[in-house]
Amino acid sequence: MQCILLCLSLTSLLFFLRFTICHKTEVVKNTLNPVWQPFTIPVRALCNGDYDRSIKVEVYDWDRDGSHDFIGEFTTSYRELSRGQSQFNVYEVVNPKKKLKKRRYINSGTVTLLSFLVEAEHTFLDYIKAGTQIHFTVAIDFTASNGNPSQSTSLHYMNPYQMNAYAMALKAVGEIIQDYDSDKMFPALGFGAKLPPDGRVSHEFPLVPVPRYDRLCGFHS
């Protein structure tokens, strides 16, 4: 047997209701009392945040040739499911056609919810609202692999009329991140340069070798 969850879609202009498939369970074979595996589905996909939106569940008897037999269906909602395992989450699986044809027909079985758990997924804004700080550090590559900055072929070319690709990337990222840093002071470092007085290569040095001035105050500094 297989269970299919159908989520309600609402076209507000025409007030036309339709269901779309939002989840299919695995097939449980050779049993009249299947127990399907737990699964995870986003609330957005299930009901788009509307806790009272109808959720239709259809149950099928699986056939190898693909001509699965419709057993029945029932409807519920996120709000009802959130009650968890209880008397409220035992559903009669009804086949509408059989119900019309047979007077004594009651249902084709029942489906019982065994567990229901909601896990919150925190967004970037949730962390920011909670006080998370983003600390941004600028590091400039001074190695010879970038070429001579006075030549246009260099990635560090100092064009008097426009920023090079590195500078534009730093500006694009920095102007956004600076709003999430309380003091807006950004360490500015370099690496891969020979420093005086002995000309040794350093892989980490402040761009301005003066205490308290080795950080940029705001990204336009």
Checklist line | Residue ranges of strands (runs of 3 or more DSSP E) in region 70-155 with at least 2 members touching a residue at least 40 places away in the same chain (Cβ under 8 Å), of a type in the set (Val, Ile, Thr) and open to solvent by less than 60 Å² (accessible area, probe 1.4 Å) | finding: 138-141
Next item on the list: Answer yes or no as to whether TYR161 is outside the structural domain of ILE41 (by the TED database), modelled with pLDDT of 85 or more and part of a loop (DSSP other than H, G, I, E, B).
Entry: yes
Next item on the list: Consider SER182 carefully, then state whether it is within 26 Å of HIS203 (Cβ to Cβ) and hydroxyl-bearing (Ser, Thr, Tyr).
Entry: no
Next item on the list: Out of TRP62, TRP36, report the one residue that is of a type outside the set (Gly, Ala, Ser), at pLDDT below 90 and more than 24 Å from the chain's Cα centre (by Cα).
Entry: TRP62
Next item on the list: Specify the residue that is surrounded by the fewest Cβ atoms within 10 Å (Cβ to Cβ); the eligible residues are those in region 49-68 that are touching a Leu at 6+ places or on another chain (Cβ under 9 Å) and not hydroxyl-bearing (Ser, Thr, Tyr).
Entry: ASP50
Next item on the list: Only one of these is open to solvent by 70 Å² or more (accessible area, probe 1.4 Å) and under 35 Å from the mean Cα position of the chain (by Cα): MET163, MET158. Name it.
Entry: MET163
Notebook entry, point to check: Quick one: in region 15-48, which of the residues that are assigned to a loop (DSSP other than H, G, I, E, B), open to solvent by less than 100 Å² (accessible area, probe 1.4 Å) and hydroxyl-bearing (Ser, Thr, Tyr) is farthest from LEU117 (Cα to Cα)?
Noted result: THR31
Notebook entry, point to check: Can you tell me which residues in region 25-44 are among the polar types (S, T, N, Q) and in contact with a Ser or Thr (Cβ under 8 Å, 6 or more places away or on another chain)?
Noted result: GLN37
Next item on the list: Read through the list (1) under 30 Å from the mean Cα position of the chain (by Cα); (2) over 30 Å from ASN89 (Cβ atoms); (3) modelled with pLDDT of 90 or more, then give the number of the only condition that VAL118 fails.
Entry: (2)
Check: Going by the conditions given, is LYS24 of a type in the set (Lys, Arg) and touching an Asp or Glu at 6+ places or on another chain (Cβ under 7 Å)?
Finding: no
Notebook entry, point to check: Only one residue in PHE116, PHE186 is closer than 30 Å to TYR60 by Cβ, touching a Leu at 6+ places or on another chain (Cβ under 6 Å) and aromatic (Phe, Trp, Tyr). Which one?
Noted result: PHE116
Notebook entry, point to check: What do you reckon, is SER9 surrounded by fewer than 16 Cβ atoms within 10 Å (Cβ to Cβ), at pLDDT below 90 and assigned to a loop (DSSP other than H, G, I, E, B)?
Noted result: no
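The values are calculated or read from the model by the stated rules, or taken from the named source; none is laboratory data. Nothing here was measured: the structure is a model prediction, and the numbers come from that model. Reconstructed Cβ throughout: ideal geometry from the backbone, glycine too, with neighbour counts over all protein chains shown. Only protein heavy atoms, including side chains, enter the accessible area calculation; ligands, DNA and RNA are left aside. Shrake-Rupley method; radii C 1.70, N 1.55, O 1.52, S 1.80 Å.
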